[in-house]
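Each remark here refers to the structure printed beneath this line.
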Amino acid sequence: MADTNRVEENIAVIMLTFNQRDLTLQALASLLAIQNPPFYTIVWDNGSQDGTAEAVHEAFPQVLVHHHPSNLGVASGRNASADLAIKRWNPTHLLFLDNDMLVEPDFVAALLRPFTEGGEVGQTQAKLRLMHQPDRLNDGGGVQINFLLGKTRHVGYGEIDHGQYDSTKRCTACGGATMVRSDLFQQLGGFDPTFDPFGPEDIDFSLRLQKAGYQAQFVPRAVAYHMVSHTFGKGYTEDYARHKSRHWFVFMRRHASPFQQL
């Protein structure tokens with residue numbers, strides 16, 4: 001007998017871009033080659049001046065493209081694009097995907113699967129390999145946080161992928177390739193714009209999700225290849241370092257223990 005109370009999954013994929021036209025087109029070609037499950041896609045152009053929005057609209061007319069006149073930052077850009085997707089399609093799940101990723105055919109289905117198996121899963125995280133060294137890991141299970149040293153590190157970063165992290169497990173997820181329940185995303189207020197223009201809004205969100213009683217789960221069958229670029233700008237600059245430092249203290253006050261803060 002069919003479960004008449006079951007809600008049909010409806011996925012919206014959200015991709016931010018800023019002056020990275022070719023990367024974005026490459027990422028979309030990889031994503032839109034996936035046939036199952038079906039999903040909607042929105043590209044939020046955070047003030048690009050390189051013709052990204054026009055190029056995406058021409059190459060992929062099925063994609064909703066929004067060109068914002070200025071760069072809102074990562075958190076606010078993702079929140080604004082999520083709000084637009086929710087109003088347009090009322091999705092049950094939001095998939096946030098960086099524009100410097102190439103994905104494998106089972107990527108979307110694998111990220112969705114844990115939500116359909118019951119439990120308190122609120123977020124799933126993909127396994128990432130390095131695009132130019134595809135035998136090596138970029139992320140093998142979310143992020144490890146060291147408040148004492150003021151550092152975060154992706155699980156297994158740089159290791160050759162022998163399958164040593166190929167077990168589904170709880171994690172603290174990063175925002176580059178993660179799926180979230182839409183109702184929970186709204187309940188938590190999305191990403192905190194305090195962390196604009198970038199980082200660590202994604203880790204903060206995952207920790208807040210877990211404090212609310214939900215699981216963030218690493219899904220090794222969802223595989224993507226990551227170029228590891230900076231969507232906000234180009235490279236490691238003084239501006240980048242200044243924002244990262246200021247945001248780290250906000251993040252630490254929110255999530256570190258009193259001993260770790262001291």
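The values are calculated or read from the model by the stated rules, or taken from the named source; none is laboratory data. Just so we're clear, the structure is a prediction, and the values are computed from it rather than from any experiment. In this analysis, Cβ positions are derived from the backbone assuming ideal geometry, glycine residues included, and neighbour counts consider all displayed protein chains. Side chains included, ligands, DNA and RNA excluded: accessible areas come from the protein's heavy atoms. Shrake-Rupley method; radii C 1.70, N 1.55, O 1.52, S 1.80 Å.
Looking only at segment 131-154, residues that are open to solvent by less than 30 Å² (accessible area, probe 1.4 Å), more than 16 Å from the chain's Cα centre (by Cα) and more than 23 Å from residue 30 (Cβ to Cβ) come to 1 in all. For segment 117-130, the candidate set comprises residues that are at pLDDT below 95 and over 20 Å from residue 205 (Cα atoms); within that set, the residue that is most open to solvent (accessible area, probe 1.4 Å) is 117.
Checking each residue in segment 35-59 for being open to solvent by less than 30 Å² (accessible area, probe 1.4 Å) and either of a type in the set (A, V, I, L, M, F, W, C) or in a helix (DSSP H, G or I) (or both) picks out 42, 43, 44, 52, 53, 55, 56.
One line per residue, one yes/no per condition, for (1) without any contact (Cβ under 8 Å) to a residue 40 or more places away in the chain; (2) touching a Cys at 6+ places or on another chain (Cβ under 9 Å); (3) more than 20 Å from residue 96 (Cα to Cα); (4) of a type outside the set (A, V, I, L, M):
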position: 129; (1), (2), (3), (4): no, no, no, yes
position: 132; (1), (2), (3), (4): no, no, yes, yes
position: 136; (1), (2), (3), (4): yes, no, yes, yes
position: 143; (1), (2), (3), (4): no, yes, no, no
position: 146; (1), (2), (3), (4): yes, no, yes, yes
position: 161; (1), (2), (3), (4): yes, no, yes, yes
position: 165; (1), (2), (3), (4): no, no, yes, yes
position: 168; (1), (2), (3), (4): no, no, no, yes
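Is it true that some residue in segment 92-99 is open to solvent by less than 30 Å² (accessible area, probe 1.4 Å), under 27 Å from residue 134 (Cβ atoms) and part of a loop (DSSP other than H, G, I, E, B)? Within segment 92-99, one or more residues are open to solvent by less than 30 Å² (accessible area, probe 1.4 Å), under 27 Å from residue 134 (Cβ atoms) and part of a loop (DSSP other than H, G, I, E, B). Of all the numbered requirements in (1) crowded, with 20+ Cβ neighbours inside 10 Å; (2) modelled with pLDDT of 95 or more; (3) of a type outside the set (Asp, Glu), residue 215 misses one, and that requirement is (1).
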